[in-house]
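**Student:** Right, I'll just put the structure down here and ask away after.
The values are calculated or read from the model by the stated rules, or taken from the named source; none is laboratory data. These numbers come from a predicted model, not from an experiment. Here the Cβ is made from the backbone with ideal geometry for all residues, glycine too, and neighbour counts use every protein chain on show.
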Amino acid sequence: MIHGGWEFVWGAYGLTWFVLTSYGFSLWQRHRRLSKREKNSR
Amino acid sequence: MKSKVILIFLILFFAFAQYWGLVRAPADRMMGDVYRILFVHVPAAWNALLLLTVSFVGCLLYLLRRKEFWDRLAHSSMEIGLVLTGLVLPLGSLWAKPTWGVWWTWDPRLTTTMILFILYAGVLILRQLIDDPVRRAKISSAVGLLIYLNVPIVYLSVRWWRSLHQLQSSPSTMDPQMVLALRLNAFALLGLAVFFLVQRMRLLKREALIEEKESLPPPLPRGAQS
Amino acid sequence: MNNIIEMVEIGRRFDRSWVLAHMNLTIKKGESVALFGANGSGKSTLLKILATLLSPTTGRFQIFGKNPEKEKSFIRRHLRLLGHDKQLYGSLTPLENLRLAARIRGLDYNDKIFESLLGQLQILPFKDQPIGELSEGTKKKLVLAKLLLGDPELILMDEPYPALDKSGREILGHLIHEWRHEGKTLIIASHDHEETIKHVDRVLTLQGGMISS
Amino acid sequence: MTLFFQQTVAILSKDFLMEYRDRSRLLSTLLFGLLLLLLFSFALSVDPALMRKMAPGLFWLTLFFASTLSLEHSFQKEREEGRWEGLLILGIDPRALFLGKLLGNLLFISLLQLFLLPLMAVLYDIQLSWTLGTVLVLGSLGLSTLGTFYSALTASLREGQFLLPLLLYPMLVPLLLASVKVTELVLARDLFGQQVAWLKLLIVFDIIFLLGSLLTAEFLIDR
């Protein structure tokens, strides 16, 4: 049986959160940039 | 407004599933606590494959029906599938190091995933280079189709080429708590992925609309016409 | 089928600018039409759309009563486009270029027909010389020869005069005369109003992507 | 249908004639292949036994890299002077154009193989056989199918030529693995009959992509 290794587990869960939030954030930013462009084009 | 509520719910559900995986599921007899990585790794892999399959369907239906909707579906699911594939790879490494003692092996799944990542990244780069929306949709659908056809062949060939380890525990031998944690995580991630997908498709639609608006509106018909 | 071309509200957008808009156009079989307009007024785009080389962004149209989305190859077989590009292969000879075009068109011609075509355009002596070595005027005449392969119904010409020398112009004038006599439909986009107007029944003027009269 | 084949043959023979008139392309590709073989052996090892072991891999990599040059060129030459549009307006079936180009590339790659093979035999001391010939044919068919597909794709973009290797090579992974494996097995006198499975994989690969790219070629070639 493998003991410990929690640092890998935390790393994995942390990475998952990081990647998902960054992607979500990038979507939100693209959304904001589009809104700005929409306003300018009017 | 509505999407914010849904998002908060999805995040809470995701956090709950992760809590279940980290705390409630018991330690594995062989792997100890390290196996908890699987609760993020495996769902990510499943969902990545699912999204790439969706993009295949999108490509196919675009070529058959020529409706922009299918191209937006193909593009969005490809992008999110690529993000998840990019997540699966380092998660796999984090799993491989404590269990197999190395960060990377030329295992068929790892290798296939890596090639998959490069292939789909290529299509997204390709999309950037084509200005005309109709041509872009046609070309990238054709390429997306071929790539998806290649995935099983790549997998098969890499497996024959070097089959080292096949670690796959079937649910029947697993603790029911573990099965539950795995399923919870899979569905939580699926929820987020679908949310992203819908948002991404909306963005694409808005972008197309804005571009249409920004182009000088066609002048109104006037005067005598032939 | 009296109308060879029927266009309704055709528009074409490149990136962010509309090159054509609200184009309504009907051309009858056997008509010969001049297309005038400044540079950038959309003449070439219109001709490319008619030749099914570009798809319009808006609107719908029919050629020979067929939908260009569905029956591209039929339409292409029955029309000819004399464009800006020569579309020739420099390392092949005039004879080989003609042979290639005829075979792709599905025409079973022998070399005698090609030679008589070249003779008609007064470039027979060059038939076995790679095109890269020939003068611009000769090449342009070869392009004209390619138009004569098969039996087109509709002939689109985009600025046919500039690259032609004097004898080339005469030949083209003669060809146009013959085509009209045979009841072919012609569309000539040109800056050379004087030369063109001799050959047409009707003049259309493009302005800012629309037809004005 | 006959028109389809007539068009295919017309494209093939035109390309053949053009390449024959301007032999510099073929010559430079052959030289590039030779150069690659030399570079590989400089970079990797000078141990003859080791080189013999690695010969199959080196051979296929050399073939891949060297053929990229000519694949790129096959549709690129149609871009000048509006020739591409010229072919379309003549009423060519896009699939006939694709197939003609594919056969041309197959011919070119086969020539490259015929040149490289004796060189390999001499440089790395390997023996030739019929199975080896089969692999060479199947491998080069797959290479030219996908190569033509991506060449049509990148040539239709305004600035996409640099994408060709990026898009093409990962698609060729199964082809590379299978071809190298069979070549290895042939050279090592395969005693367990493993090569049959790999040959089948090669055949499946060739069929799937031949059909797949013929069906979708229209979207790349016609506007």
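**Student:** Only one residue in D:Pro56, D:Pro48 is modelled with pLDDT under 90 and surrounded by 15 or more Cβ atoms within 10 Å (Cβ to Cβ). Which one?
**Tutor:** D:Pro56
**Student:** Please go through region C:57-93 and give me each residue that is closer than 28 Å to C:Tyr161 by Cα, part of a loop (DSSP other than H, G, I, E, B) and within 12 Å of chain D (Cβ to nearest Cβ), ordered by number.
**Tutor:** C:His78, C:Gly83, C:His84, C:Asp85, C:Lys86, C:Gln87, C:Leu88, C:Tyr89, C:Gly90, C:Ser91, C:Leu92, C:Thr93, listed by residue number.
**Student:** Sticking with this one: Considering only residues that are among the hydrophobic types (A, V, I, L, M, F, W, C), facing chain B (nearest Cβ under 9 Å) and closer than 30 Å to D:Gly86 by Cα, which ones fall in region D:174-223?
**Tutor:** D:Phe209, D:Leu215, D:Ala217, D:Phe219, D:Leu220
**Student:** Assess whether B:Phe69 counts as being within 22 Å of the chain's Cα centre (by Cα), under 23 Å from B:Leu209 (Cβ atoms) and aromatic (Phe, Trp, Tyr).
**Tutor:** Spelling it out, B:Phe69 is indeed within 22 Å of the chain's Cα centre (by Cα), under 23 Å from B:Leu209 (Cβ atoms) and aromatic (Phe, Trp, Tyr).
**Student:** Among the candidates C:His181, C:His199, which residue alone is free of Cβ contacts under 8 Å to residues at least 60 places away in the same chain and away from every other protein chain (no Cβ under 14 Å)?
**Tutor:** C:His181
**Student:** Mind checking which helices (runs of 4 or more DSSP H) fall wholly inside region D:1-83 and carry at least 2 residues that are within 22 Å of the chain's Cα centre (by Cα) and either basic (Lys, Arg) or within 11 Å of chain C (Cβ to nearest Cβ) (or both)?
**Tutor:** Where helices (runs of 4 or more DSSP H) fall fully within region D:1-83 and carry at least 2 residues being within 22 Å of the chain's Cα centre (by Cα) and either basic (Lys, Arg) or within 11 Å of chain C (Cβ to nearest Cβ) (or both), they are D:2-21.
**Student:** Follow-up. Test of understanding: among B:Leu190, B:Leu164, which residue is more than 9 Å from every other protein chain (Cβ to nearest Cβ) and at pLDDT 95 or above?
**Tutor:** B:Leu190
**Student:** Same structure again: Could you list, in sequence order, the residues of region D:64-74 that are of a type outside the set (Ser, Thr, Tyr) and buried (at least 23 other Cβ atoms within 10 Å of the Cβ)?
**Tutor:** Selection gives D:Ala66, D:Leu71.
**Student:** Let me ask something else. Please work out if C:Ala21 is modelled with pLDDT under 90, touching a strand residue (DSSP E or B) at 6+ places or on another chain (Cβ under 7 Å) and either surrounded by fewer than 22 Cβ atoms within 10 Å (Cβ to Cβ) or among the aliphatic types (A, V, I, L, M) (or both).
**Tutor:** Values: modelled with pLDDT under 90: yes; touching a strand residue (DSSP E or B) at 6+ places or on another chain (Cβ under 7 Å): yes; either surrounded by fewer than 22 Cβ atoms within 10 Å (Cβ to Cβ) or among the aliphatic types (A, V, I, L, M) (or both): yes.
When the stated conditions are applied, C:Ala21 passes them.
**Student:** Here's another thing I want to ask about it. Could you tell me whether D:Gly133 is part of a helix (DSSP H, G or I) and in contact (Cβ under 8 Å) with a residue 40 or more places away in the chain?
**Tutor:** no
**Student:** Residue check, B:Pro90 against (1) surrounded by fewer than 19 Cβ atoms within 10 Å (Cβ to Cβ); (2) in contact with a Leu (Cβ under 8 Å, 6 or more places away or on another chain); (3) away from chain A (no Cβ under 13 Å), all met but one. Which one?
**Tutor:** (3)
**Student:** C:Lys29: touching an Asp or Glu at 6+ places or on another chain (Cβ under 9 Å) and surrounded by fewer than 19 Cβ atoms within 10 Å (Cβ to Cβ), yes or no?
**Tutor:** For C:Lys29, the condition - touching an Asp or Glu at 6+ places or on another chain (Cβ under 9 Å) and surrounded by fewer than 19 Cβ atoms within 10 Å (Cβ to Cβ) - is met.
**Student:** With respect to C:Leu54, is the statement that it is more than 16 Å from C:Ala189 (Cα to Cα) and crowded, with 19+ Cβ neighbours inside 10 Å true?
**Tutor:** yes
**Student:** Hey, any hits in region B:78-87 for a residue that's in a helix (DSSP H, G or I) and more than 15 Å from the chain's Cα centre (by Cα)?
**Tutor:** Within region B:78-87 (the criterion being in a helix (DSSP H, G or I) and more than 15 Å from the chain's Cα centre (by Cα)), the answer is no, since none of the residues qualifies.
**Student:** Still on this structure, I have one more. Being within 7 Å of chain D (Cβ to nearest Cβ) and under 19 Å from the mean Cα position of the chain (by Cα) is the filter here; which residues of region C:94-105 pass it?
**Tutor:** C:Leu100, C:Ala101, C:Ile104, C:Arg105, listed by residue number.
Per-residue answers, yes or no, for (1) more than 11 Å from every other protein chain (Cβ to nearest Cβ); (2) aromatic (Phe, Trp, Tyr); (3) without any contact (Cβ under 8 Å) to a residue 12 or more places away in the chain; (4) closer than 20 Å to C:Lys70 by Cβ:
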{"residue": "C:Glu6", "(1), (2), (3), (4)": "yes, no, no, yes"}
{"residue": "C:His22", "(1), (2), (3), (4)": "no, no, no, no"}
{"residue": "C:Gly37", "(1), (2), (3), (4)": "yes, no, no, no"}
{"residue": "C:Ala51", "(1), (2), (3), (4)": "no, no, no, yes"}
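**Student:** Would you pick out the residues in region B:128-155 that are of a type in the set (Lys, Arg) and either within 17 Å of the chain's Cα centre (by Cα) or closer than 25 Å to D:Leu143 by Cβ (or both)?
**Tutor:** Hit for region B:128-155 is B:Lys138, nothing else.
**Student:** Here's something else I'd like to know. May I ask you to verify whether C:Leu206 is within 14 Å of chain B (Cβ to nearest Cβ), out of contact with any strand residue (DSSP E or B) (no Cβ under 6 Å at 6 or more places or on another chain), under 18 Å from C:Gly83 (Cβ atoms) and of a type in the set (A, V, I, L, M)?
**Tutor:** yes
**Student:** Take region B:22-49 and flag every residue that is of a type outside the set (A, V, I, L, M), more than 8 Å from every other protein chain (Cβ to nearest Cβ) and either assigned to a helix (DSSP H, G or I) or closer than 30 Å to B:Gly144 by Cβ (or both).
**Tutor:** The answer is B:Arg24, B:Tyr35, B:Phe39, B:Pro43, B:Trp46, B:Asn47.
**Student:** Right, another one. Quick one: is B:Val102 modelled with pLDDT under 95, among the hydrophobic types (A, V, I, L, M, F, W, C) and part of a helix (DSSP H, G or I)?
**Tutor:** Here the answer is no, as B:Val102 does not meet what is asked.
**Student:** From D:Leu163, D:Leu132, D:Leu167, grab the single residue that is more than 14 Å from every other protein chain (Cβ to nearest Cβ) and touching a helix residue (DSSP H, G or I) at 6+ places or on another chain (Cβ under 8 Å).
**Tutor:** D:Leu132
To keep it simple, each residue is scored yes or no on (1) surrounded by fewer than 20 Cβ atoms within 10 Å (Cβ to Cβ); (2) within 25 Å of D:Ser13 (Cα to Cα).
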site	(1), (2)
D:Leu123	yes, no
D:Gly142	no, yes
D:Thr154	no, yes
D:Gly193	yes, no
D:Leu215	yes, yes
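**Student:** So, one more: State whether one or more residues within region B:51-70 are within 16 Å of A:Leu20 (Cβ to Cβ) and either among the small types (Gly, Ala, Ser) or assigned to a helix (DSSP H, G or I) (or both).
**Tutor:** yes
**Student:** Could you pull out the residue among C:Lys166, C:Lys184 that is basic (Lys, Arg) and at pLDDT 90 or above?
**Tutor:** C:Lys184
**Student:** Of everything in region D:88-103, what is without any contact (Cβ under 8 Å) to a residue 40 or more places away in the chain and part of a helix (DSSP H, G or I)? Give them in sequence order.
**Tutor:** Once the filter is applied, which keeps residues that are without any contact (Cβ under 8 Å) to a residue 40 or more places away in the chain and part of a helix (DSSP H, G or I), region D:88-103 yields only D:Ile89.
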